[in-house]
Amino acid sequence: MPVSEAQTLCPDRRPLKLVAVNPEFDRLLLERLAVVAQQFSPLVALNEAEEPDALLLDLTGVAHLYGGESEWAKSVCATFVNKGFQLQCAVAETVGAAWALAHGVHMPNRFRVLPTGELNRLNALSIETLRLNPEAHSVFRRLGIDSIGQLLALDRNSLVSRVGRAVTRRIGQFLGDVPELLTPYVPPPIFCERRQFEHPLTQPHWIEEVSLQLLKRLLQRLAKQQLGLSQLHVAWQGEAKGTQLAWMIDLGRPTVDEPLLVELCQMKWERAALSFAVATVQMTAKQVGRLQCVRLSLFDEHQIALRKDIDTLVTRLHGRLGSAHVSRLELVPDAIPEHQTKLRSAIESSEIYDVSFDAGMVPQLWERPLLLAAFPQPVDVLRMCHHARPAVIKWQGQLSELRNVWGPERVESGWWRRAVRRDYYRVETHTGQRWWIFQRLDTRQWFLHGEIV
Amino acid sequence: MRYAELHCLSNFSFLQGASHPEELATQAAELGYAAIAITDQNSVAGVVRAHAAAKDAGLKLLIGAEMTPQDAPPVVLWATNRNGYGELCHLITKGRRRAPKGDCQLTFDDIAQHHTDLLAGILPSAHAEQIDVARLHQYRDLFGDRCYLLAELFRGPHDGKRLAWLRGLELQTSIPLVASGGVLFHTPTRRMLHDVITAVRYRTSVAQAGHLLQPNRERHLRSLGDLNILYQGHEELLARTQEVADQCTFSLDELRYEYPRELAPEGMSPMDYLTQLTWNGAQQRFPEGVPEKVRGLIQHELQLIEELQYEPYFLTVWDLVRFARSRDILCQGRGSAANSVVCYCLGVTSVDPSRIEVLFERFISRERNEAPDIDIDFEHERREEVLQYLYAKYGRERTGMTAVTVTYRPRSAIRDVGKALGLSQDLIDRLAKNAGYHSTGEKFPTRCKEVGLNPASSIGKQFISLATELLGFPRHLSQHTGGMVMTRGPLHCLVPIENAAMEGRTVVQWNKDDLDELGILKVDCLSLGMLTAIRKCFELVKKHHDLDLTLANVPEDDTKVYDMICRADTIGVFQIESRAQMSMLPRLKPRCYYDLVIEVSIVRPGPIQGDMVHPYLRRRNGEEPVTYPNENIKRVLKKTLGVPLFQEQCMQLSIVAAGFTPGEADQLRRAMAAWRRPGLIDQFRRKLLAGMQENGLTGDYAERVFNQIRGFGEYGFPESHAASFALLVYVSSWLKCHYPAEFAASIINSQPMGFYAPAQLIRDARDHHVEVLPIDVNFSDWSCTIENQALRLGFRLISGLRQETVETVVQARAYGPFLTMDEFLVRTQLSRTELARLSDADAFRSLNENRRLSFWNSLAQSDSPTQPSLFSPQHFVDDITPELPQMSAEQEVHADYRTTSFSLRAHPLSFYREELDSLRVIPNGDLRHIANNESVRVAGLVLLRQRPSTAKGITFVTIEDETGAANLVVHQQTWDRYRKITHHSRAWLVHGYVQSKDSVIHVVANRIVDLSDKLHAVQTKSRDFR
């Protein structure tokens, strides 16, 4: 349904509240819940789907610890409800049956336990709860098969040739004829190295030494998995609450360059004023990333080396200054001189230097000053020759007679942000200075925009 | 100083030029240029417009084009004389035909083959001072002293250096340098629009277009003073432009259209041949001898035709009609000249001219030497055969299709400008949806404000002015629906031909106005679905009743037929089947052929907007005296009781009431049609009112006449067309009246056409006591057939079924009917999907297989039909009959709706009748017993929703239950209040009151309740019209 249509369904034309789909977030949340659920079962799995939305718990040999399946389910429900979640919870002899029960009967925050051997009690449930593929559903809809009971009444061999094995497998999994394996959820490793001291340390160089050892271990662990560090969190904690020094080192790109990291860490520590004894040192990789591999070739070695140097520089600057403060200049195709360059984050623009314009009347480098004045500076034109070309100008109190005047080059653009209309002249003064001056076509005022060297 | 602009792109270089050709010509004249060349890229599509404007302004126009050979620098070519123009057209044709639509591929060699009467101006690259000198020599060697180098300066970073470089080239190659402007727009103020179309062209926004945009606005037509400064010290470059212009003497006025030669047999002049054909035809039309009056008319018309030299035109039309007849393709001519006795005799039309008094010469003006207007309608399924005949007869190089210049409309302009200005997609959507199809103008800023774009903000102002400016700009050339151009010599010497989007089609670069302007013959071969249906019906009637019908021999003045029409029992009938027409019929009560002509023309936006319908009805019913301001006007308006209803009458009115010349009247008609120039209409208004004042017509009456004429400008309908349409109305009514089964079958078999879906047509047939039989594998064909006077539905009604599948079934059936499902499967070898489609449609009833069982069986088939092999199983149906739940009657009906959008079993609503009764909802069939203004509740499935632009926001909705249809009137407020239902629901319960007049019943809705939760399984599709 398009948004505009959804809007019409809102009462009283109130604005629709839109929340973007975030499958990644959903998955992370479900994984966290899986960890929580591990207290109830040694085997917790996410359902197998592109975007999983259910937890499957194996309670073989567990229930008696709680005093029976019902008691077990009760604690599961209570735990999640206390955490503020709504859940549908069902216990049955097969995964398929539990699924059908949990999806087919609306019972928010309560649970249902189906005694073994009573699968036929589910016959009235819709076949939608059998985890069938959408094609099978449309086939069954056309055949008028709505409930599990109706489906089970059909000959299963005839079904195979008509709707495929995937469907009969699901039926088998519901009935328990076909085994269903659960893949337990295992949380990803956390890259964190930590050391606690019985006797807190006070000597900064010891603390640093310990920190560096931890860093080294962290890097070794990462390197084994071909991962690099892109955000490092360093924390020194004292015994008392609230005594902590922590640094976040932002690296831009994943790296395992130990000397560089050591250097960056030490730079941070240099300025630290340690006012407490450190009991815990912790080095955490807050963000990791795949290391980039570059295949070396014979001929562009120089290029690669150059790039690598720049990358190292960028990484180092990042670590020292923080990501918000490292940017580089980029040329932008625009007719108006002051809009021809732009600052961009250094991480984003990885190219060494690449500017190519292929259309328009592009000025040559020698026709423009390398550095523009921060703001165009007013000049007075004291005398003009024919066709309104400047002949004598005064800038900062100094008179200059113009020997040569080239132009005008007309620039009229930018009407969509702020219209600019100027006639530019390259001029050469009697003292040999070359200036780039312009006249605003609307106010007829003159400005100096840069010096050509 | 004299200066001629030699290099100008108009907006016919799509998305490159930002000015209309006529603007360029007018501006050049104002600036005092000696001449202007319109040199669009590989195109002369804009030159006719420029030609007209230049002629008005007294400016010389050079015809040329800019071309970029793949292996040489770009060049501007100018035609010096008629031959040069032919070469130019030929060259463009060559390049265009090689490339896909919109492109052009040329090489230097192509130019070398067509250069004798062309001048060349080489274009050095604008971006760099580099050029291959060898290429320049190549041009010089080819063109000799007809070759120039163009010096274009745009106040770039180093104009001086560039000019010096060009001067150097001139010396080096001895190709003379000449100044030119590289013009992209006529005034500097168009620069913003140019930036916008550049952004559109590169699919970006102006803010991101960067160097794709021009750095300044120098590429306009510059004043002579500016040019003098720019080329200071090089004045001879400016003077040389005059030299180039002087060499070009060609004018489009020299183009003379010549009719094809093969119209008359060897040794016979076209006029003699036409005369002979006419008299022969007259003999056939009047077997008992040609009446004296007709004889006189024929002589008079032939004389006029000879005088105006129109005989080749009539012969061309006759030839088409003859061909169509030889292939049994039904066709009919319409238009002013089509209603002549000559055309009746030639068989172009079947309207007996004695039945309609249309004076032939009234529409063929002696003053304007313009081709007469005859459009020919052919069956829509077979028009292609006629076009192919034309291509075969005159050859591809002498035949082409008229182009249609597709221009920016409010919606497309809003979308493109919005994107270029970087508005959010969401806002653009809202703006586009909120702007009507036609309307912009004064209301546009309000419209923008409504959806959240402040018209006073700077972006709002820019958006509004740019979108308004872009309106009417050509976007691309498309093919006209049927305008064919045929010539004596090769067509590509007259006008370039290019590929159309459709495979195998070619179009000329000019549209119908351009062709009119230059007096080039075109014949409109249009397609009409009703002709297909009538032909199919004639065939069925012949097959089952042995009655040979033609358009001309259907019995005239059948009272039963007119009775039926007066009852508005006209579903499926040509033209008068729409709701508006149907509600007019009982009021107008047509009793004769001419009443039908009026009926066809009166329900049109023109008469409705000009407020002519009610005065006419009042006068017709004797409720108002019929008066005329003076005798002259009486002569014009007598037939229609003093109320102008036809386009011709309005033109006539401007002549007799305001003293216009026929030429001016025609200009007026065109000015009215050109909706994008409001200034022009005012001009005519003053003239019209002044003229009427002289004739003593003032005040209200004069103002009303103007409004009537204006109403007609946009949507007028000419009597000459209505006359031909009325015949089809009568014939289709006659067929419906006497052969309802055959009529329904032929209309369903000619879908898509008309106003109603098959479901309504079938229902209507059943209402007329036609037995309708369901689709069945043992009885049905692809099309609907007649079976013992009953209508047997065809497989074509099943959505998604392929015709080949059906052919397989029908072929397999040739050896005898299928007895069991097993046998059907073996004999047809259909794939699983095809079988599933058939079983969904319940087409196995004669095999005692219901929907679900046959679907179950079809599932066992493989999805790709294979040849049966030795090893494939010999039987397909399981022995075990599965336990499938029975479908309820309601489910069956819903399933019918899913596959065929209708059901022969019952209406989905009938299952809820008791419930509806308890809600005091009455069946639609009982509406006629309800008194006017009484409140009422009705319910039904939504069949169609229509919101005519003339109805002030009212939506007309037709709903249907098992007893019939009800016509709802939903006012804008109600519509908006129940927005959720009106937009999404397909089943309504309506509280309202009855409005009935002259047996036309409407229910005005006050409250709407959604029924779709009950009928969610019914998939109906409302046919929506605007």
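Which of B:Ala403, B:Val603, B:His115 sits closest to the plus end of the dipole of the protein assembly as shown, meaning its Cα is farthest towards the positive end, when Lys and Arg get +1 and Asp and Glu get -1 on the C-beta?
About the Cα centre, the residue reaching furthest to the positive side is B:Val603.
Before anything else, pin down the relative contact order of chain B: Cα pairs under 8 Å, at least 6 apart, normalised by residue count, whole percent.
On the way: 1776 pairs, mean separation 79.6, N = 1026.
Computed value for chain B: 8 percent relative contact order.
With no solvent and one equal point scatterer per Cα, compute the Debye intensity ratio I(q)/I(0) for region A:155-298 at 0.14, 0.16, 0.19 Å⁻¹ and report its log10, rounded to two decimals.
So the normalised log intensities work out to -0.71, -0.86, -1.10.
Would you mind classifying chain A by shape? Square roots of the alpha carbon gyration tensor eigenvalues, ordered a ≥ b ≥ c; an a/c under 1.5 is rounded, otherwise it is prolate if a/b is larger than b/c and oblate if not.
Values: a/c = 3.13, a/b = 1.84, b/c = 1.70.
Prolate shape, in that a/c is at least 1.5 and a/b is the bigger ratio.
For chain A, what's the relative contact order in percent, using C-alpha pairs closer than 8 Å and at least 6 residues apart?
Numbers: 654 pairs, mean separation 36.1, N = 453.
Rounded, it is 8 percent for chain A.
Return A:Arg32, A:Arg422 ranked ascending by Cβ neighbour count within 10 Å, so the fewest neighbours appear first.
Values: A:Arg32 11, A:Arg422 23.
With the fewest neighbours first, A:Arg32, A:Arg422 line up as A:Arg32, A:Arg422.
Could you work out [θ]222 nm for chain A from helices alone, using -39500 (n - 2.57) per DSSP H run of at least four and dividing by all its residues? Round to the nearest 500 deg cm²/dmol. If you can, show how the numbers build up before the last one.
Working: 12 runs with 140 residues, N = 453.
Computed ellipticity for chain A at 222 nm equals -9500 deg cm²/dmol.
Give me the angle, in degrees from 0 to 90, between the Cα long axis of helix B:410-420 and the longest principal axis of the Cα atoms of chain B, rounded to the nearest 10.
60 degrees
Determine, from the Cβ-Cβ distance of B:Ser458 and A:Asn404 and an R0 of 60 Å, the FRET efficiency 1/(1 + (r/R0)^6), rounded to the nearest 0.05.
Details: r = 40 Å, r/R0 = 0.67.
Once the sixth-power term is evaluated, E becomes 0.90.
Under a Cβ-only charge scheme (Lys and Arg +1, Asp and Glu -1), can you give me the dipole magnitude of chain B about the Cα centre, in debye to the nearest 20? Kindly include the intermediate steps, with their values, before the conclusion.
Details: 117 positive and 126 negative charges, 503 e Å.
I would put it at about 2420 debye.
Loop-only check: which GluC sites (Glu not before Pro) in region A:1-97 are DSSP coil with at most 14 other Cβ within 10 angstrom?
Values: sites: A:Glu5, A:Glu24, A:Glu31, A:Glu48, A:Glu50, A:Glu69, A:Glu71, A:Glu93; in loops: A:Glu48, A:Glu50, A:Glu93.
Those satisfying the criteria are A:Glu48, A:Glu50.
Helix-derived [θ] at 222 nm for chain B: sum -39500 (n - 2.57) over DSSP H runs of at least 4, divide by residue count, nearest 500?
Numbers: 43 runs with 454 residues, N = 1026.
The helix-only estimate for chain B comes to -13000 deg cm²/dmol at 222 nm.
In chain B, what % of DSSP beta bridges are antiparallel (nearest 5)?
On the way: 58 of 89 bridges.
The antiparallel proportion sits near 65 percent.
Please state the shape class of chain B: rounded when a/c is under 1.5, otherwise prolate if a/b exceeds b/c and oblate if not, all from the C-alpha gyration tensor. Display every interim value, and only then the final one.
Values: a/c = 1.68, a/b = 1.50, b/c = 1.12.
Prolate, since a/c reaches 1.5 and a/b exceeds b/c.
With an 8 Å Cα cut-off and a minimum separation of 6 or more residues, compute the relative contact order for region B:531-631 in percent. It would help to have the intermediate numbers written out before the result.
Details: 59 pairs, mean separation 16.2, N = 101.
This gives 16 percent for region B:531-631.
Compute the Cα gyration tensor for the protein assembly as shown, then decide on rounded, prolate or oblate, letting a ≥ b ≥ c be the square roots of its eigenvalues: rounded whenever a/c is under 1.5, prolate when a/b is larger than b/c in the other cases, and oblate in all that remain. Don't jump to the answer; show the numbers that get you there.
Details: a/c = 2.06, a/b = 1.09, b/c = 1.90.
The shape class here is oblate.
Among B:Val643, B:Val495, B:Gln232, which residue has its Cα furthest toward the positive end of the charge dipole of the protein assembly as shown, with +1 on Lys/Arg Cβ and -1 on Asp/Glu Cβ?
Result: B:Gln232, furthest along the dipole toward the positive end.
If we count other beta carbons within 10 Å of each Cβ, what is the order of B:Lys101, B:Lys560, B:Lys60, fewest first?
Taking fewest neighbouring Cβ atoms as first place, the list is B:Lys560, B:Lys101, B:Lys60.
Provide A:Arg194, B:Arg96 in ascending order of the number of other Cβ atoms located within 10 Å of each residue's Cβ, fewest first. Present the calculation step by step, with values, prior to reporting the outcome.
Details: A:Arg194 12, B:Arg96 25.
The most exposed by this proxy come first: A:Arg194, B:Arg96.
Give me the net charge of B:Leu227's neighbourhood, meaning all other residues with Cβ under 14 Å from the Cβ of B:Leu227; Lys, Arg count +1, Asp, Glu -1.
Details: positive: B:Arg2, B:Arg155, B:Arg219, B:Arg222, B:Arg240; negative: B:Glu5, B:Glu152, B:Asp159, B:Glu218, B:Asp226, B:Glu235, B:Glu236.
With Lys, Arg at +1 and Asp, Glu at -1, the neighbours total -2.
Going by alpha carbons, how many degrees (0 to 90, nearest 10) lie between the helix axis of B:425-434 and the longest principal axis of chain B?
70 degrees
Treating only the Cβ atoms of Lys and Arg (+1) and Asp and Glu (-1) as charged, compute the dipole magnitude of region B:146-264 about its Cα centre; round to the nearest 20 debye.
Numbers: 15 positive and 14 negative charges, 129 e Å.
The dipole magnitude comes to about 620 debye.
Can you tell me which aspartates and glutamates have their Cα less than 15 Å from the Cα of B:Lys433? Leave out same-chain residues fewer than eight positions away.
A:Glu5, B:Asp416, B:Glu450
Since every read-out is calculated from the coordinates, none of them should be taken as a lab result. Worth saying up front: this structure is predicted, and the values here are computed from it rather than measured. Using ideal geometry, Cβ is built from the backbone for each residue, glycine included, and neighbour counts are taken over all protein chains shown.
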